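Right, one structure below, let's go through it.
The values are calculated or read from the model by the stated rules, or taken from the named source; none is laboratory data. Quantities reported herein were computed from a predicted structural model and do not represent experimental measurements. Neighbour counts are summed over all protein chains in view; Cβ atoms, including those assigned to glycine, are modelled from backbone coordinates with ideal geometry. What goes into the accessible areas is simple: the full protein's heavy atoms, side chains included, and nothing from ligands, DNA or RNA. Shrake-Rupley method; radii C 1.70, N 1.55, O 1.52, S 1.80 Å.
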Amino acid sequence: MSVPGRSVALATLLIISAYSPVLAQSTAASTSKPAAIKGEIIGRVVTSVGQAPIGFANVEVTPSGANRPAARASTANDGRFRIPGLHPGRYRVLIRALGYSPRDFPSIVMGASQGVDIGAVKLTAVALALQSVSVAAQRPDVQLSPDRNTFVVRDMPSTQGGTALDVLRNVPAVDVDIDNVVSLRGNSGVVVEINGRTSPMKPAQLGDFLAQLPAAIVDKVEVIPNPSARDDPTGVAGIINIVLKQKADAGTSGGVTVGAGTTGHVDVGGNVGYQSGPLSMYGSYSFLRDNRPRNESVYRENNYLVPMTFLEESALRTQIPLAHTLTGSATYKLGNNDELSNDMMYSTRAETESYGILYHDLNSSRALTAASDRMTRDVNHEIEFESTLGYKHTFADKGHTLSSELRVFRNREGGPNTVVADTLPIDGSPAAVTALESQTGWAHPHENSFKVDYVRPLSKYVRLETGYKGSLQDFHTTLNTQVFDAALSAYQPDSTRISDFTYRQLVNSAYGMFDAQEGKFLLQGGVRLERATTKFHLNLKDATYNNLYNSIFPSALIAYNIDDSRQIKLSYSTRIQRPDDTDLLDPTPRYADPLNLSRGNPYLKPEYIRAFELGVQRTAGSTTLQITPFYRHTLNAITTLRSIDSAGVSTRTFANVATTDAYGTDANLALSGERLSGFAGTSLFREVSNAPNLAAGLNVRTFGWNARTNVSFRATSTLDLQALLFYRSAMTVAQGRNASRSRFSVAARQKLMDNRMSLTLRVIDPFSMSRERSTTVDPLFYQVSDRTRTIRGLLLSINWMFGKPPKSEDNRILDQNAGG
């Protein structure tokens, strides 16, 4: 059987196993009204309207101060439940049912001589929102839902003291390479959102920003591989939404984090929240310094020469960032129906970088014929500001809302660098300076946007949603290169490496969606209409490239809840990937070094993607298994091409291929237990690129897979251990092959002061596995590139939380009723 056949067989086997009797679980619940006795909590779950019993609702009981439930039960057909065998103490009771808002009783007191009857618990049916309807893993840190998977990372030991990129490395199906480029299911065309808002920063800039965003301010990560029409349609592989901590508890509370590591890592941060009456505020500050040098090497065979010659390169790159990040949010309720909110983020980064390269030219006998080096030093500066003003009005009908949002985004990144190149002696002659250069480049991505969303339930089971969004993006980059002229003893401009590039994009879009529930079926359908106008202008050449196009993005989802623990769904969406990156469009040469340059293609077309997903999900006790086969068809897919000229200069450029088909399967397993918990995931994907418009040799068929496991072990009531292991297989790519990659780290966290303080020790990459290798095969040359980032080390973090939210009146009444 071929490799694709094995992947399909594996997916089929996993789907069958999801419904096998091995995972079956029967939950016993008494159907007669139990009497309250010592050591048990009883009650009855009913609807808020009509007080009809709700069967198969999930009830969790967690001791005060614990992270995991001590007991669980499901309600019987008459809505009753009984959880026996509880010791005296204070408990949190959480009750959830599919299609209803959960109820949380945070402080139930179990006395020494009596049980607790919390009476009839009324659940309110929610207006349908498929992203919130899920057959969820019992562990609250992992929620596997029909259209997105949510991973709560705020309490992960393996991310403490790290950055947002370390957080993403813990998420199944997500990968971050050595250049900080984020990919999903093997495709880097993924949109990374922050708090549900798409960043106008391009991949290289966004990776640098995420590398400075502290993990301490990240609350959770949502992975949305097949978004609906209500979401931004940009991105081949879907959306990854990073949700920051922005919610304040009642009263005043906060925390302080300090961390340091053997790699030169230092982080300091703090947050404070305040909530009183209609006003809620939250703010955080963080400082980050790091030092993770990178070793690089290149081996090239120059087949275009007869006899063949060789080139060997070795390089060391060091980057030391100093980053400051401020976040803030404020919400004010104007009565019962209106709410104003403001979110803000401000960050600065100054990164000192040095990049030294040594070149060796070899003849056909591998004898050294020439040697040279090149040293680049620069300081990269970045300033980012984002502010969002929101308004929300709630009508009298449940779920009937009108909301709007005005957003402003400003960014500035770049700075000067200097280059010194030398010819090195191989015959005893002295070294000679061959080039002195000075280069300054700046990038200014800006965006202004406004959107409004209207949601109205048409009945108990049908909901209408519609909205509009308008956004204006401006992306301006400049590059100025000066070369020292020895004859004039002065720097002179290099006209081949000077550019002034402006890209403006205006997008107006509107969407409409229907959500409906019919028995065990959940249905969703929608369409998004979009008109985009782009203008790409090379200011120095006075060359303009305009593009105006209209697009239609339909989406659909159907989910069937077989029972309380099993669900199957099918979804479809259409998406777009716009070539709006400087690297992709600007034809001005950009040098990594004189022998390796990149050149954009201003004639690139947008990619259009049609995606299908079939999902199967099964919950059995403390285990949830999710299998998601997918298929993705892309028109005008953008690919990377490499060529070499007679001078030995390798050029990277970009082109559209006719079509690309990708298909595969995701499998995610979430486990919750008193001592052992965590999640594991694997993604298998195959991609077929058809490029008859370019060259037959660019038709590529590739297969790849990755796997990740994150396991936590509760050694004691105050000591948690966690291990992360990631592996990505080797893959065939256009004109070559990428080698396999892996990552491993462990962490331990000791809780102190009744969980208000914690000490976390991370062992990062103990086996020095952070390396990448790529091979390029072309009729004119053969090249192998190796890169290794030095991240091996120890990192110690100390976290202290202060403040205690006061009890609400409802909680005090519950305590009194419970005998506390």
Over what distance in Å are the Cα centres of the range 594-647 and the range 455-520 separated?
19 Å
How many percent of the accessible area of the chain is carbon or sulfur, using a 1.4 Å probe?
57 percent
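Taking all protein chains together and a probe of 1.4 Å, list Arg96, Arg300 from the most accessible to the least accessible.
Arg96, Arg300
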Once amide hydrogens are built 1.01 Å from N within the peptide plane, the residues lying 5 or more places from Asn291 or on another chain with amide H under 5 Å from its amide H are His265
Heavy atoms of the protein only, probe of 1.4 Å, neighbouring chains included. What is the accessible area of Val657 in Å², nearest 10?
10 Å²
For the range 277-402, with every protein chain kept in place, what is the accessible area per residue (1.4 Å probe, Å²)?
48 Å²
For the range 630-753, just say rounded, prolate or oblate: build the C-alpha gyration tensor, square-root its eigenvalues into a ≥ b ≥ c, call rounded for a/c under 1.5, and beyond that prolate if a/b exceeds b/c, oblate if not.
prolate
Rounded to the nearest 10 Å², what accessible area does Lys460 have for a 1.4 Å probe in the complete protein model?
140 Å²
Counting just the Cα atoms, what span does the range 264-393 cover along each of its three principal axes? Round to the nearest Å and put the largest first.
83, 32, 17
Between beta-carbons, use under 11 Å as the cut-off and find the net charge around Asn149, counting Lys and Arg +1, Asp and Glu -1.
-1
Helix-only [θ] at 222 nm, the chain, -39500 (n - 2.57) per DSSP H run of 4+, per residue, nearest 500, equals -1500 deg cm²/dmol
With every protein chain kept in the model, how would you rank Glu382, Glu674, Glu772 by accessible area, 1.4 Å probe, largest at the top?
Glu674, Glu772, Glu382
Output the DSSP H helices from the chain with an along-axis C-alpha extent of no less than 24 Å and a mean Kyte-Doolittle hydropathy no less than -1.0.
none
Between the range 753-768 and the range 188-225, what is the separation of their alpha carbon centroids in Å?
24 Å
Could you tell me which of the pairs Lys392/Lys451; Lys122/Lys392; Lys220/Lys451; Lys220/Lys392; Lys398/Lys460 are separated by over 20 angstrom between their Cα atoms in the structure shown?
Lys122/Lys392; Lys220/Lys451; Lys220/Lys392
Output the peptides 608-615, 276-283 sorted from most to least packed, where packing is the average of other Cβ atoms within 10 Å over each peptide's residues.
608-615, 276-283
